[in-house]
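Quick notes on the structure that follows.
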Amino acid sequence: MLDNFIEKFKNTFIEDNMWRYLFNGLQTTLKITIIAAIIGVFLGFIVAIIRSTHDKTGKLVFTNFIAKVYLTVIRGTPTTVQLLIIYFVVFSSTNISKVLAAVIAFGLNSGAYVAEIVRSGIMSVDNGQSEAGRSLGLNYLQTMIHIVLPQAFKNVLPALGNEFIVLLKETSISGFIALNDLTKGGDIIRSITYEPFLPLLSVAAIYLVIVMFLSYCVSLLERRLRTSDH
């Protein structure tokens with residue numbers, strides 16, 4: 001039985017260097033995840049500031065309306081559909097890179113969820129903090145940047161870490177636009193060897209290891225934040 005497993009392992013990964021499909025796919029997955037996360041955090045903070053400013057002051061009515069439309073559309077439609085629309089509709093007339101299309105789609109998607117996470121963090125900061133900033137002569141923007149946002153960011157950092165984990169797993173749908181990510185790499189091996197068990201199990205194991213590592217980092221961060229509060 002062991003000899004049979006070793007033989008299948010060789011046929012699945014070693015022969016013709018088919019392990020490279022997984023390795024190259026993993027690189028693509030990580031690239032998409034990291035860049036999309038950066039876009040999502042940047043976009044999310046902007047939308048969160050717009051939304052929270054409107055909630056606190058009643059200003060930015062039009063930009064708040066645009067932000068609410070963005071959040072409603074992105075959070076109300078499947079990520080797969082968004083990816084397909086970005087690649088096959090929005091950029092149908094251009095020769096856009098599949099990786100770039102995926103980065104844009106996942107970045108926009110992540111930004112909507114990051115925005116609500118950050119907004120909840122901003123709204124959780126006591127109004128007395130803003131009043132203290134005003135009493136020191138700071139305007140609204142200065143108070144937001146120097147007093148409110150640092151506290152809000154600290155409060156939502158674990159939730160942002162969890163969003164990054166969700167984003168990593170969501171990139172597995174990139175194969176819908178024929179992008180050779182980690183999941184697609186395993187599927188290519190399956191289609192060549194007609195052996196679904198080992199390649200798909202390997203893909204699942206790789207995702208699991210990465211998610212477990214990120215989960216450990218998030219839990220470690222949470223413990224440090226709790227310690228710093230004492």
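Checked across the range 83-96, the condition of being crowded, with 18+ Cβ neighbours inside 10 Å, in a helix (DSSP H, G or I) and either basic (Lys, Arg) or within 15 Å of the chain's Cα centre (by Cα) (or both) holds for at least one residue. Looking at the range 103-128, which of its residues are touching an Asp or Glu at 6+ places or on another chain (Cβ under 8 Å) and of a type in the set (A, V, I, L, M)? Across the range 103-128, the qualifying residues are Val114, Ile117, Met123. Contact map, the range 150-179: first residue charged (D, E, K, R) and in a helix (DSSP H, G or I), second residue surrounded by fewer than 17 Cβ atoms within 10 Å (Cβ to Cβ) and at pLDDT below 85, Cβ cut-off under 8 Å, separation 6 or more or different chains; pairs are Lys154/Leu225. Of all residues in the range 27-45, none are surrounded by 13 or more Cβ atoms within 10 Å (Cβ to Cβ), of a type outside the set (Asp, Glu) and not in a helix (DSSP H, G or I).
For the range 187-206, the condition of being closer than 21 Å to Glu163 by Cα, among the aliphatic types (A, V, I, L, M), in a helix (DSSP H, G or I) and without any contact (Cβ under 8 Å) to a residue 12 or more places away in the chain holds for at least one residue. Quick check on Leu84: is it closer than 18 Å to Gly175 by Cα and either among the hydrophobic types (A, V, I, L, M, F, W, C) or modelled with pLDDT under 90 (or both)? Criteria met by Leu84. Among the residues of the range 57-71, those identified as within 27 Å of Asn127 (Cβ to Cβ), in a helix (DSSP H, G or I) and free of Cβ contacts under 8 Å to residues at least 60 places away in the same chain are Val61, Phe62, Thr63, Asn64, Phe65, Ile66, Ala67, Lys68, Tyr70, Leu71. Hey, can you tell me all the residues within the range 198-219 that are exposed (fewer than 12 other Cβ atoms within 10 Å of the Cβ) and among the aromatic types (Phe, Trp, Tyr)? Across the range 198-219, the qualifying residues are Phe213, Tyr216.
The values are calculated or read from the model by the stated rules, or taken from the named source; none is laboratory data. Fair warning: this is a prediction, and the values are worked out from it, not measured in the lab. All Cβ positions, even for glycine, are placed from backbone atoms using ideal geometry, and neighbour counts span all protein chains on display.
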